[in-house]
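The values are calculated or read from the model by the stated rules, or taken from the named source; none is laboratory data. Everything quoted here is computed from the prediction, not taken from an experiment. Cβ placement follows ideal geometry from the backbone for every residue including glycine, while neighbour counts extend to all protein chains displayed. With ligands, DNA and RNA removed, areas are computed over all heavy atoms of the protein, side chains included. Shrake-Rupley method; radii C 1.70, N 1.55, O 1.52, S 1.80 Å.
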Amino acid sequence: MDTLTPSFAGETNCMRSSEEEEEEEEEEEKEDGDEEHQEGEKDESAVQKQKRPAWAPSFFLRIDKEMYHFVGQDIIIEEALDSYAGMIWPAAVSLCHYLDTHRQQLSLVDKAVLEIGAGTGLVSVVAALLGAWVTATDLPVVLSNLRVNLSRNTRGRCRHTPQVAALSWGYDLENTYPTSVYHYDYVLAADVVYHHDFLDELLVTMKHFCKPGTTLIWANKVRFETDLTFTENFKMAFHTSLLAEDGEMKIFKATCREEEGEGDVGMEVKNLLKEDGVGRREEAEDEDEPSREKQDEVMADGDYEEGPSWSANEDITGQVHTKPTHVQQDRALSWALGISIGIGKDIYHYAGQDILIHESIDSYGAVMWPAALALCSFLDNNRQRVNLQGKEVLELGSGTGLVTIVASLLGASVTATDLPEVLGNLRANVMRNTRDRCRHTPQVKTLSWGYDLENTYPTSVYHYDYVLAADVVYHHDFLDELLVTMKHFCQPGTTLIWANKVRFETDLTFTENFKKAFHTSLLAEDGEMKIFTATCRD
């Protein structure tokens, strides 16, 4: 067991001097002036005028920035006063210090890591900088500030882009985070035990994610008698050891008791907790439901194990829909236009792999559409004609991510793009189905179609061999912006492949404009389903 040195907090604490603060204020004023000048010159599209940045935090009050130094990097953390989770707590700093100074004992490189109660995100940032594939979780109200801190401190620095997901502690996690799908090498938690009424739910949540093969690391500073009670229950629920301590600050390591056939002890604890919490769960059930829906949209990655009760059906486009007959027997086909209820899981088979796709009901982009299936089938069956090996590929309007996943499995380096509200589910699907399967890790980015793309995606920097788009032409008011976006990315040397099912008269009008804008040819056709290839006229 290690002793936490009192000096470590000084080494990693807030390192802002008054001079640095003045310099940053001057820089911010200058940036604000530049932004105002640029805004006066921009001809923004209707979408961009209405859209907030994906990372914009929704603080009640913003606190000053603090700088920490871990893993050889300066980490800037913004706090907020929206909740307890909006502040840095001492156990988070202690855990970061321990992870940074014990890299041999706890190697996080390429490990799947889940953080419970991520708060401002400092622990997740450090774990990501140490090479882990991190999913940071907290209540929905905290995610804005958490997301901006993660993005600011990990972009361009990490092997794996950390993910952010909503997670409410409780007893219904098998529905939202089934253990057959979500498995982690490490679960991290820092200062999650404080003065609140959900300690029973917290312990149940720890048990849910700490399965055989998982190591739970919990850092805590004792403040109340309830901390001591929770610690005793924690020791009863897991095999525990004390990694480090400094006075009231302790860092525990835990593994599940089921690994050595002692699962009955843990189950007794869980059942006792469950009995105590039944009344409170029933009262809070209606309040928890929206967050559960959100959790399904932005769930983190994991390995999927196919159950015995799945059946496959092949349709005319050549794709296989594998569906759970006991869950979705009354549900329409995965590409049916009328899906408006239920967040379903579908399995498709392309590039020799089973692909598990979660759908959502937050927007058109979160549902599977037929042109995506047709394009995936075409790419899979025409690998010589359209060779994606080692190619740079951009997908417009990625939606659930199926086309991006298939292109990645076929060897491409893919960037999937869509509107911010779609990215949570898109990112989870892409991660789940490409991890350890692909030559290149696909990227997920925000892209709003429009006229100002030279500023956000300058053609001198962003060049792609292929641009893919499937069912991006539907009943919306941004067809002009879509065509401009296609023209922006389809430069000399780029091939655009667009799959579409004709539904409205506007589809026909767009198709005519598309043919005028590019050199086009028809790759495949099946009734109203068409796949075009295009190159620029310049």
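Here residue 113 clears all of (1) open to solvent by less than 20 Å² (accessible area, probe 1.4 Å); (2) modelled with pLDDT under 95 except the condition numbered (2).
Please state which of the following conditions residue 214 fails to meet, knowing it meets all the rest: (1) open to solvent by less than 20 Å² (accessible area, probe 1.4 Å); (2) touching a helix residue (DSSP H, G or I) at 6+ places or on another chain (Cβ under 8 Å); (3) of a type outside the set (A, V, I, L, M, F, W, C). The single condition residue 214 does not satisfy is (2). In this entry, residue 430 is excluded by the filter for residues that are touching a residue at least 60 places away in the same chain (Cβ under 8 Å), open to solvent by less than 50 Å² (accessible area, probe 1.4 Å) and outside any loop (DSSP other than H, G, I, E, B). Residues in the range 480-496 that are crowded, with 19+ Cβ neighbours inside 10 Å and among the aliphatic types (A, V, I, L, M): how many? Matching residues across the range 480-496 total 3.
Note on the range 183-194: among residues that are open to solvent by 10 Å² or more (accessible area, probe 1.4 Å) and farther than 18 Å from residue 142 by Cα, the one that is modelled with the lowest pLDDT is 183.
Okay, residues lined up against (1) touching a residue at least 60 places away in the same chain (Cβ under 8 Å); (2) under 14 Å from residue 190 (Cβ atoms); (3) not in a helix (DSSP H, G or I):
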position	(1), (2), (3)
211	no, no, yes
217	yes, yes, yes
220	yes, yes, yes
226	no, no, no
231	no, no, no
235	no, no, no
239	no, no, yes
243	yes, yes, yes
251	yes, yes, yes
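Residues considered: 469, 499. Of these, the only one that is in contact with a Gly (Cβ under 9 Å, 6 or more places away or on another chain), open to solvent by less than 60 Å² (accessible area, probe 1.4 Å) and part of a strand (DSSP E or B) is 469. Only residues that are outside any loop (DSSP other than H, G, I, E, B) and farther than 16 Å from residue 469 by Cα were counted in the range 483-496, giving 0. Of all the listed residues (414, 386, 393), the sole one being modelled with pLDDT of 95 or more and either more than 20 Å from residue 482 (Cβ to Cβ) or part of a loop (DSSP other than H, G, I, E, B) (or both) is 386.
Residues that are open to solvent by 20 Å² or more (accessible area, probe 1.4 Å) and either farther than 24 Å from residue 147 by Cβ or out of contact with any strand residue (DSSP E or B) (no Cβ under 9 Å at 6 or more places or on another chain) (or both) are absent from the range 393-405 altogether.
Got at least one residue in the range 352-366 being among the small types (Gly, Ala, Ser), farther than 23 Å from residue 485 by Cα, in contact with a Lys or Arg (Cβ under 8 Å, 6 or more places away or on another chain) and assigned to a loop (DSSP other than H, G, I, E, B)? The answer is no; no qualifying residue exists. Among what's in the range 219-239 and is modelled with pLDDT of 85 or more and acidic (Asp, Glu), pick the residue that is nearest to the chain's Cα centre (by Cα). The residue in question is 227.
Here residue 507 fits the description: of a type in the set (D, E, K, R) and part of a helix (DSSP H, G or I). Scan the range 133-142 for residues that are open to solvent by less than 10 Å² (accessible area, probe 1.4 Å) and under 23 Å from residue 442 (Cβ atoms) and the total you get is 4.
Taken as a whole, the condition of being open to solvent by 30 Å² or more (accessible area, probe 1.4 Å) and of a type outside the set (Phe, Trp, Tyr) does not apply to residue 121.
Summed over the range 510-537, the residues that are part of a helix (DSSP H, G or I) and over 16 Å from residue 474 (Cβ atoms) give a count of 4. Residues that are surrounded by 23 or more Cβ atoms within 10 Å (Cβ to Cβ) and closer than 25 Å to residue 423 by Cβ: does the range 217-230 have at least one? Taking every residue of the range 217-230 in turn, none turns out to be surrounded by 23 or more Cβ atoms within 10 Å (Cβ to Cβ) and closer than 25 Å to residue 423 by Cβ.
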